[in-house]
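Colleague: Once you've had a glance at the structure underneath, I'll fire off some questions.
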Amino acid sequence: MRTGLINQSDYPFENTARRSGFEKASSEYTHTGECTSVPAFGPNGTWYSHHVYMDPNSQERIHHETTYGPLEMFGYKDFILMFTGEQFDADEWAELSRKAGARFAGPVAWHHEGFSLWDTNYSPWNAARMGPKRDAVGELSKAIKTHDMKLVVALHHMKNWYFFSTWNKRYDCGEPRYSGLYATCTESSMLFLVRCGRARSARCCHASTRVPSGRAFWAA
């Protein structure tokens with residue numbers, strides 16, 4: 001797969017023709033199914049877990065504890081077993097994007113936590129090993145290219161460092177055994193980017209270091 005990194009810090013592109021072609025193209029990316037698709041609650045469901053852990057008075061927290069029990073007993077990790085993806089059809093998603101006129105399409109493969117929607121050896125917290133046990137990114141990659149579009153994969157990592165209250169030992173996010181899911185960007189996750197040769201603007205984001213530069217996009 002021939003890829004290039006499209007990142008906020010990369011603009012303007014050195015190749016004006018490439019920049020013009022991308023900016024003029026119709027494109028879309030989708031949240032195909034983080035574990036927060038299980039509760040599917042709130043004005044922005046993809047931020048459900050952040051509000052649950054960070055704001056005890058939020059509507060998400062109230063809904064969570066009313067529906068699933070105290071956060072001390074049922075955390076974000078517990079949605080993984082419920083995240084089955086039984087209705088996910090990559091070809092249907094790709095066809096919808098094509099009909100909408102998109103030339104670039106793809107998923108958010110990683111959203112401010114450590115659960116990856118692709119099959120990876122760098123972390124056990126991924127959809128190929130847990131939950132649906134499917135390589136969602138891989139399936140979408142094949143379907144999107146079959147429908148004659150370019151694949152775009154988005155990694156939202158800028159807010160990993162405060163998405164969960166990892167300092168609060170009352171909750172599972174503060175337990176070391178779950179650090180691969182809840183912690184800030186780990187060295188293994190950044191190693192994935194580096195080894196793929198796509199980390200020109202990525203910076204390791206442990207609590208004592210700099211926060212990453214934004215959302216990374218791969219176009220293939």
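The values are calculated or read from the model by the stated rules, or taken from the named source; none is laboratory data. The structure presented is a predicted model; accordingly, all values stated were derived computationally and were not measured. Cβ coordinates were reconstructed from backbone atoms using ideal geometry, including for glycine residues, and neighbour counts include every protein chain displayed.
Colleague: Test Glu65 against the criterion of being acidic (Asp, Glu), surrounded by fewer than 17 Cβ atoms within 10 Å (Cβ to Cβ) and in a loop (DSSP other than H, G, I, E, B), and give yes or no. Spell out the reasoning first.
Modeller: On the way: acidic (Asp, Glu): yes; surrounded by fewer than 17 Cβ atoms within 10 Å (Cβ to Cβ): yes; in a loop (DSSP other than H, G, I, E, B): no.
Taking the combined requirement at face value, the residue does not satisfy it.
Colleague: For the range 104-129, what are the residues that are surrounded by fewer than 18 Cβ atoms within 10 Å (Cβ to Cβ) and in contact with a Leu (Cβ under 8 Å, 6 or more places away or on another chain)?
Modeller: Selection gives Tyr122 alone.
Colleague: Would you say Trp110 is farther than 27 Å from Gly69 by Cβ, in contact with a His (Cβ under 7 Å, 6 or more places away or on another chain) and of a type in the set (A, V, I, L, M, F, W, C)?
Modeller: Details: farther than 27 Å from Gly69 by Cβ: yes; in contact with a His (Cβ under 7 Å, 6 or more places away or on another chain): yes; of a type in the set (A, V, I, L, M, F, W, C): yes.
Yes.
Colleague: In the range 69-92, which residues are under 17 Å from the mean Cα position of the chain (by Cα) and not in a loop (DSSP other than H, G, I, E, B)? Before the answer, list the steps.
Modeller: Here is the first cut: in the range 69-92, the ones under 17 Å from the mean Cα position of the chain (by Cα) are 76-77, 79-80, 83-85, 88, 90.
Result: Tyr76, Lys77, Phe79, Ile80, Ala90.
Colleague: Does the range 95-109 contain at least one residue that is within 19 Å of Phe163 (Cβ to Cβ), touching a residue at least 60 places away in the same chain (Cβ under 8 Å) and not charged (D, E, K, R)? Explain how you work it out, then say what you get.
Modeller: As a first pass, look at the range 95-109 and keep what is within 19 Å of Phe163 (Cβ to Cβ): 107-109.
Then drop every residue that is not touching a residue at least 60 places away in the same chain (Cβ under 8 Å), which leaves 107-108.
From the residues that got through so far, the ones that are not charged (D, E, K, R) too are 107-108.
Yes, there is a match, as at least one residue in the range 95-109 is within 19 Å of Phe163 (Cβ to Cβ), touching a residue at least 60 places away in the same chain (Cβ under 8 Å) and not charged (D, E, K, R).
Colleague: Which condition breaks for Tyr76 when tested against (1) out of contact with any Leu (no Cβ under 9 Å at 6 or more places or on another chain); (2) under 20 Å from Gly45 (Cβ atoms)?
Modeller: (1)
Colleague: Looking only at the range 124-135, which residues are in a loop (DSSP other than H, G, I, E, B) and in contact with a Ser or Thr (Cβ under 6 Å, 6 or more places away or on another chain)?
Modeller: Taking the range 124-135 and keeping what is in a loop (DSSP other than H, G, I, E, B), we get 124-125, 127-135.
Passing the criteria: only Pro132.
Colleague: Does Gly101 fit the bill of being out of contact with any Asp or Glu (no Cβ under 7 Å at 6 or more places or on another chain), on the phi > 0 side of the Ramachandran plot and surrounded by fewer than 19 Cβ atoms within 10 Å (Cβ to Cβ)? Before you say what the answer is, go through the steps one by one.
Modeller: Numbers: out of contact with any Asp or Glu (no Cβ under 7 Å at 6 or more places or on another chain): yes; on the phi > 0 side of the Ramachandran plot: yes; surrounded by fewer than 19 Cβ atoms within 10 Å (Cβ to Cβ): yes.
So Gly101 passes the test.
Colleague: Further, regarding this structure: Return yes or no: is Ser49 small (Gly, Ala, Ser), closer than 23 Å to Trp167 by Cβ, under 14 Å from the mean Cα position of the chain (by Cα) and at pLDDT 90 or above?
Modeller: yes
Colleague: Now for a different question. Inside the range 110-129, can you point out the residues that are touching a residue at least 40 places away in the same chain (Cβ under 8 Å), touching a Phe, Trp or Tyr at 6+ places or on another chain (Cβ under 8 Å) and among the hydrophobic types (A, V, I, L, M, F, W, C)?
Modeller: Within the range 110-129, Phe115, Leu117, Trp125, Ala127 meet the criteria.
Colleague: Here's another thing I want to ask about it. Of the residues in the range 139-161, how many are in a loop (DSSP other than H, G, I, E, B) and touching a strand residue (DSSP E or B) at 6+ places or on another chain (Cβ under 7 Å)? Spell out the reasoning first.
Modeller: Within the range 139-161, the first condition is being in a loop (DSSP other than H, G, I, E, B), and the residues that meet it are 147-149, 157-159.
Then drop every residue that is not touching a strand residue (DSSP E or B) at 6+ places or on another chain (Cβ under 7 Å), which leaves 149, 157-158.
Total satisfying the criteria: 3.
Colleague: Within the set of pairs 6+ apart or on separate chains, which have a first residue in the range 154-183 that is β-branched (Val, Ile, Thr), a second that is in a helix (DSSP H, G or I), and C-beta atoms under 8 Å apart?
Modeller: Once the first residue is β-branched (Val, Ile, Thr) and sits in the range 154-183, its partners that are in a helix (DSSP H, G or I) give Thr166/Cys173; Thr166/Gly174; Thr166/Ser179; Thr166/Tyr182.
Colleague: Pairs only if they're at least six apart or on different chains, beta carbon under 8 angstrom, first in the range 54-73 and touching a residue at least 24 places away in the same chain (Cβ under 8 Å), second among the polar types (S, T, N, Q); list them, first residue then second.
Modeller: Taking only residues 6 or more apart or on different chains, the pairs are Met54/Ser165.
Colleague: Now a separate question. Need the failing condition index for Gly138 against (1) over 25 Å from Pro43 (Cβ atoms); (2) without any contact (Cβ under 8 Å) to a residue 24 or more places away in the chain; (3) buried (at least 16 other Cβ atoms within 10 Å of the Cβ), just the number.
Modeller: In the conditions (1) over 25 Å from Pro43 (Cβ atoms); (2) without any contact (Cβ under 8 Å) to a residue 24 or more places away in the chain; (3) buried (at least 16 other Cβ atoms within 10 Å of the Cβ), Gly138 misses (3) alone.
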